[in-house]
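J.: Provided herewith is a single structure, encoded as structure tokens, for subsequent inquiry.
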């Protein structure tokens, strides 16, 4: 699957390297699905409750799953997929995210950003940018208000997956304060996040 997914975009050696990385995904079944198909070695999927809005926004969720807890299962024998419910305490979240190479959050973004910083791993919020441990901190920026609809959400997830693959392949990703946002009316826009310090 992964060789077909990345055909003509990267050489096979770099594609095979994806299995050596682990990612923590919080609250986005679609980004989980894309990363799994990309060949990322281990995905810790952490989510809470699927609302009707989640079903409308994320095309990878079956409408019959609304109003249930969001649990995913391994997709194949060679994938490491571990599913957790979102914990009640910050310490428990920190414990769940220990050892991952990167964290992506589409829910509970501020708390997850804080924990990612504490465990020292790169963090991707629900826009297209990466907060590196030695770079601009999430709490130091004025976070833009972003409208969500199914199309812009899907494009955002695709662009985020590309940035994950770029960072794991040793290529230069988009890092904060530079960012991309997907506007349903204006398309993909490059912005600079304003810092408070």
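We did not get these values from a lab; they are worked out from the coordinates using the rules stated. Only a predicted model underlies this, so the values are computations on that prediction, with no experimental measurement involved. Here the Cβ positions follow ideal geometry from the backbone for every residue, glycine too, while neighbour counts run over all protein chains shown.
J.: Fewest Cβ neighbours within 10 Å first, please rank 46, 124 accordingly.
T.: 46, 124
J.: In percent, how large is the relative contact order of the chain, given Cα pairs closer than 8 Å and 6 or more residues apart?
T.: Across the chain, relative contact order equals 19 percent.
J.: While we're on this one: Starting from the Kirkwood Rh over alpha-carbon pairs, what translational D in µm² s⁻¹ does the chain have by Stokes-Einstein at 25 °C and 0.890 mPa s?
T.: Translational diffusion coefficient: 144 µm²/s.
J.: Which order results if 33, 12 are arranged by neighbouring Cβ count within 10 Å, fewest first?
T.: The fewest-first ordering by Cβ neighbours comes to 12, 33.
J.: I've got another one for you. Kindly identify region 110-184 as rounded, prolate or oblate by the Cα gyration tensor criterion: order the square roots of the eigenvalues as a ≥ b ≥ c, call it rounded if a/c is under 1.5, otherwise compare a/b with b/c, prolate if a/b is larger, else oblate.
T.: Oblate.
J.: Determine the relative contact order of region 87-197: mean sequence separation of Cα pairs under 8 Å and six or more apart, normalised by residue count, in whole percent.
T.: It rounds to 24 percent for region 87-197.
J.: Can you tell me which of 167-175, 18-26, 107-115, 152-160 comes out highest on packing, and rank the rest after it, using the mean Cβ neighbours within 10 Å?
T.: With the highest mean Cβ count within 10 Å placed first, the list reads 18-26, 152-160, 107-115, 167-175.
J.: For the residue pair residue 14 and residue 37, what label-to-label distance in nm results when each label sits 7 Å from Cα along the Cα-to-beta-carbon direction?
T.: 2.0 nm
J.: Which ordering of 193, 132 is given by a fewest-first count of other beta-carbon atoms within 10 Å?
T.: Sorted ascending by nearby Cβ count, the order is 132, 193.
J.: Mind giving me the nanometre distance, one decimal, between the label points for residue 85 and residue 111, set 7 Å out from Cα along Cα→Cβ?
T.: Taking the two extended label points, one gets 1.4 nm.
J.: If you take every DSSP beta bridge fully contained in region 2-192, what fraction is antiparallel? Give it as a percent rounded to 5.
T.: The antiparallel fraction comes to roughly 35 percent.
J.: Evaluate the distance, in nm, between pseudo-label points positioned 7 Å from the Cα of residue 59 and of residue 155 along their respective Cα→Cβ axes.
T.: The answer from the label model is 1.3 nm.
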